[in-house]
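One structure is given here, and the rest of the page talks about it.
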Amino acid sequence: MLGKRSGAFAPRLVLVCAMLGLLGACSTTMSTKSAPDTLSLKEIGIDPGRQALAFVEVKEKKARGQRVWCVPYARTLSGVELRGNAGTWWNAAKGVYERGHEPELGAVMVFSSTKKLPMGHVAVVSDVVSDRELLINHANWKRNQVSTAMKVVDVSKAGDWSSVKVESQPGSYGRVYPISGFVYPTPAG
């Protein structure tokens, strides 16, 4: 999922993968060919190189006593280079990245700003389980933590991913959250 913008990212990715002993997994992901004994992105969810880099950044922030936020984590994990509060990402992506209302692997799910989430929230789709269920990776849903493979269900009446519930504990879904849509890591146009 490195896409067209991978050129500048690749050297840092290789360095991080080498540091974490993931070079084989990362280099097969960067290749356009896949060997029979390697996993596809669908099988592994998020690109392992981006995941490794995101985890390194989280570890470094925690070591410096800094808070782990959803925006920098989602930016690193997805490659969607947007800035600002999470709730602004939907509008900020207009004309810059492709946007839509269908979940796709590697897309950023943009939670709308609400009273409960005044700055909004962003998460990266790590798997599309069905037309009404997916898994996300995100940061700071639980204070200062990264959560991976968290279940999200579409509870919108139209089945359009405009309202979701997030599984915070196994089998326990909380309140309904409005979703602006998905920002895809593909340049607009």
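For this structure, a couple of remarks:
- When each of Asn91, Asn85 is tested for being at pLDDT 95 or above and closer than 15 Å to Trp69 by Cα, the lone residue that passes is Asn85.
- Condition broken by Ser130, with the remaining ones in (1) exposed (fewer than 15 other Cβ atoms within 10 Å of the Cβ); (2) touching a residue at least 60 places away in the same chain (Cβ under 8 Å) satisfied: (2)
- Identity of the residue in segment 145-167, over 17 Å from the mean Cα position of the chain (by Cα) and among the small types (Gly, Ala, Ser), that ends up nearest to Lys94 (Cα to Cα): Ser162
- Segment 117-155, residues that are assigned to a loop (DSSP other than H, G, I, E, B), touching a strand residue (DSSP E or B) at 6+ places or on another chain (Cβ under 7 Å) and under 14 Å from Glu167 (Cβ atoms): Arg132, Trp141, Val155
- Whether a residue is at pLDDT below 95 and farther than 25 Å from Gln51 by Cα was assessed, and Ser172 passes this test.
- Qualifying residue in segment 136-147 (condition: under 20 Å from Gly79 (Cβ atoms) and loosely packed, with under 15 Cβ neighbours inside 10 Å): no
The values are calculated or read from the model by the stated rules, or taken from the named source; none is laboratory data. Since the structure is predicted, the reported quantities are computational estimates derived from the model, not experimental observations. Counting neighbours? That spans all protein chains shown, and the Cβs are built from the backbone with ideal geometry, glycine included.
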